[in-house]
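See structure below.
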Amino acid sequence: MSDKRIIVVAGATGAQGGGLARAILNDPSSEFAVRALTRDPHSEKAQELARMGAELAACDIGDEAALAEAYKGAYGAFCVTFFWAHFSPERELAEATAMARAAKSAGLQHVIWSTLEDTRKFVSLEDERMPTLMGKYKVPHFDAKGEADDVFRGLGVPTTFLLTSFYWDNFIYFGSGPQKGPDGSYAITMPMGDRKLPGIAAEDIGKCAYGIFKAGEEFIGKTVGISGEHLTGAEMASAVGGALGIDVGYNAVEPEVFRSFGFPGAEDLGNMFQFNRDFSDYFCQVRDIQLSRKLNPELQDLNAWLSANAKKIPLG
């Protein structure tokens, strides 16, 4: 490992970080090595990375001292938070701040921060078209990430700001797949109207991040938006139905209806879809499919992802 530049990967056993770790470890000619951050080095996912050649570092991403130790001797880091583990935007901001401060103190040469828009810059807290949540957010799992961008900038950390997209993997793991209605028919429900939503395979996020690291200094200080394809809800439903061999409709509910569904995070996600819908032109424009494919030549569109994953989609 000593002749390769070390990338410290947060979330290495998760979707985004795992994709990056595997992209590096599966490339026999890579100039990089992986130091995988994990709260549990003994977990099966962590041990699998170790078998592939990763160095494991036990670390909580909110622990600045532990991060500083993990960053020692490294070239760069991939920084990501996971809102859905705790539903706390304040914790996300604290974790991002800890990673940024540790990266600065360690003198890292390139950091990728997996971020999203601060939607309050588009929809003010006083704007009643979209309810304010938790007293000071419009889309909590977006806003704290976007707020953290200024932490990395303010500290002078050499950072690429990576804007991600809707995971197609959500059709498998997050309850976004087809649900059976009272009449027995299946539908995907999203409050997107007829507007397009950028989507991407979670694994491709890590592969795009790898492309950014391989590009060297080209993307430092820049915001890079990635997507595999921009599709309407109806187009997604048609593709999913075709892959599953069933008819899948598109249930285009209004955001206020989605917010009322009552599952954990429903209000947050209802606001997210409303933001994606109302600012769809912007949201798609900054998530450049051609650039994403340049960074990751193996980039999948939805049909390609479905060909490998449709059988994993549960039918509710």
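Relative protection proxy for 211-219, 230-238, from highest mean packing down: 230-238, 211-219 (other beta-carbon atoms within 10 angstrom).
Mind running the shape call on segment 183-316? Use the C-alpha gyration tensor, a ≥ b ≥ c as the square roots of the eigenvalues: rounded below 1.5 for a/c, prolate if a/b tops b/c, oblate otherwise. Oblate, since a/c reaches 1.5 and b/c is not below a/b. Using just the C-alpha positions of segment 77-177 as equal point scatterers, what log10 of I(q)/I(0) does the Debye formula give at each q in 0.20, 0.21, 0.23 1/Å? For the requested q values the scattering log ratios are -1.03, -1.09, -1.19. Report note on the peptides 279-286, 266-273, 36-43: ranked by the mean count of other C-beta atoms within 10 Å, highest first, their order is 266-273, 36-43, 279-286.
When each pair of different Cα atoms in the chain is counted once in the 1/r mean, what is the Kirkwood radius in angstroms, to one decimal?
Kirkwood radius, the chain: 20.1 Å.
Ignoring aspartates and glutamates fewer than eight residues from Lys104 along the same chain, the ones with Cα atoms less than 20 angstrom from its Cα are Asp60, Asp63, Glu64, Glu69, Glu92, Glu95, Glu147, Asp149, Asp150, Glu217, Glu218. For Phe261, the shell of other residues with beta-carbons less than 15 Å away shows a net charge of -3, using +1 for Lys and Arg and -1 for Asp and Glu.
For the residue pairs Lys145/Lys180; Lys45/Lys311; Lys138/Lys196; Lys136/Lys207, the C-alpha atoms sit more than 25 angstrom apart in Lys145/Lys180; Lys136/Lys207. Extension gain for Leu291 to Ser307 (0.36 nm times residue separation, less C-alpha to C-alpha distance): 3.4 nm. Taking 0.36 nm per residue of separation and subtracting the Cα-Cα distance, full extension of the segment from Thr223 to Ser43 would add 61.5 nm. Cut-off 10 angstrom, C-alpha nodes, Gaussian network model of the chain. Which of Gly249, Gly228, Gly135 fluctuates the most? Per the Cα network of the chain with a 10 Å cutoff, Gly135 tops the list. Neighbours of Ala94, meaning other residues whose beta-carbon lies under 13 angstrom from its beta-carbon, give a summed charge of -4 when Lys and Arg score +1 and Asp and Glu score -1.
Rule-based calculations on the coordinates, nothing more; no lab input. Keep in mind the model is a prediction, meaning the values are calculated, not measured. Glycine also receives a Cβ, built like all others from the backbone with ideal geometry; neighbour counts cover every protein chain displayed.
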